[in-house]
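See structure below.
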Amino acid sequence: MNFATSMNRVMIRISALILSVFIGCNSGNTSKKLPFFGEHDVKKTEHGYDTIYYPIPKFILLNQDSAPITEELLNGKISVVDFFFTDCPSICPMLSSQMSRLQQRLQSSSDFGRIQLLSISVNPTKDSPIVLKNYARRLDAVTPAWTFATGGSADIYRLAEKGFLLTAFPSDTAAGGIFHTDKVTLLDANRKIRGYYDGTSTKSMDALFEDLKTLLNESN
């Protein structure tokens with residue numbers, strides 16, 4: 001075997017190795033799976049142990065049109081949920097701005113009808129349905145694809161803490177009198193938590209947008 005033939009075979013092997021790595025990387029990307037978060041149990045099966053994650057619990061709230069809404073609003077949809085209040089002087093303007101930007105990106109998608117945005121007020125004593133409706137108009141929110149909700153204070157705080165494992169409670173030291181999370185939650189079509197994101201960060205919300213597309217593919 002001459003030198004040229006030997007080098008050709010080496011180059012073919014190198015090319016094949018590069019191609020296999022490239023294919024492997026691409027196949028890993030297309031099969032991306034998001035983790036689960038939230039309340040769960042570990043159950044023994046015949047094959048070992050399985051972790052069973054539960055969906056967020058049932059709830060009853062009022063939307064911006066004074067109509068009752070329940071967890072059924074989220075069933076079968078890929079949902080994005082944030083907690084805010086309309087006269088919040090700190091993080092809420094950024095949260096709402098990022099949710100509005102997300103809506104704009106999603107509107108051009110053919111899957112827009114499979115997505116639900118939900119913003120829940122943590123100051124329901126001030127945020128009546130009409131206040132929420134005016135707030136939604138200022139954000140150019142497309143309702144009901146982006147729904148705003150209010151309800152009883154205790155119910156909302158319990159939903160945030162027990163359902164979403166997030167923080168929301170009255171506080172004399174917090175701006176606006178309420179301490180609440182800056183996290184935006186991504187739910188799959190079964191209302192299970194699949195991700196938390198910094199709702200004040202463009203980079204984090206861009207990551208949510210990509211993960212949302214992953215869940216859309218997962219539910220096909």
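Data for the structure
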{"quantity": "So Pro89, is it surrounded by fewer than 16 Cβ atoms within 10 Å (Cβ to Cβ), without any contact (Cβ under 8 Å) to a residue 60 or more places away in the chain and closer than 22 Å to Leu166 by Cα", "calculated": "no"}
{"quantity": "Scan of the range 92-125 for residues that are exposed (fewer than 14 other Cβ atoms within 10 Å of the Cβ) and touching a Ser or Thr at 6+ places or on another chain (Cβ under 8 Å), ordered by number", "calculated": "Thr125"}
{"quantity": "Search result, residues across the range 92-118 that are at pLDDT 95 or above, under 21 Å from Lys203 (Cα atoms), more than 13 Å from the chain's Cα centre (by Cα) and not in a helix (DSSP H, G or I)", "calculated": "none"}
{"quantity": "Sole exception among (1) of a type outside the set (Lys, Arg); (2) more than 21 Å from Gln64 (Cβ to Cβ); (3) in contact with a Gly (Cβ under 7 Å, 6 or more places away or on another chain) for Leu166, by number", "calculated": "(3)"}
{"quantity": "Total residues in the range 38-77, condition surrounded by 12 or more Cβ atoms within 10 Å (Cβ to Cβ) and assigned to a helix (DSSP H, G or I)", "calculated": "2"}
{"quantity": "Unique residue being crowded, with 22+ Cβ neighbours inside 10 Å and either in contact with a helix residue (DSSP H, G or I) (Cβ under 7 Å, 6 or more places away or on another chain) or under 23 Å from Tyr54 (Cα atoms) (or both) when the list is Ala189, Ala149", "calculated": "Ala149"}
{"quantity": "Index of the failed condition, Leu34 passing every other in (1) aliphatic (A, V, I, L, M); (2) within 28 Å of Lys162 (Cα to Cα); (3) at pLDDT below 60", "calculated": "(3)"}
{"quantity": "Hits in the range 152-171 (condition: over 19 Å from Glu72 (Cβ atoms) and either among the aliphatic types (A, V, I, L, M) or surrounded by 17 or more Cβ atoms within 10 Å (Cβ to Cβ) (or both))", "calculated": "Ser153, Ala154, Tyr157, Ala160, Leu165, Leu166, Ala168"}
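The values are calculated or read from the model by the stated rules, or taken from the named source; none is laboratory data. Bear in mind that the values here come from a model prediction, so they are computed numbers and not experimental data. Positions of Cβ are generated from backbone atoms using ideal geometry, with glycine treated the same way; all protein chains shown enter the neighbour counts.
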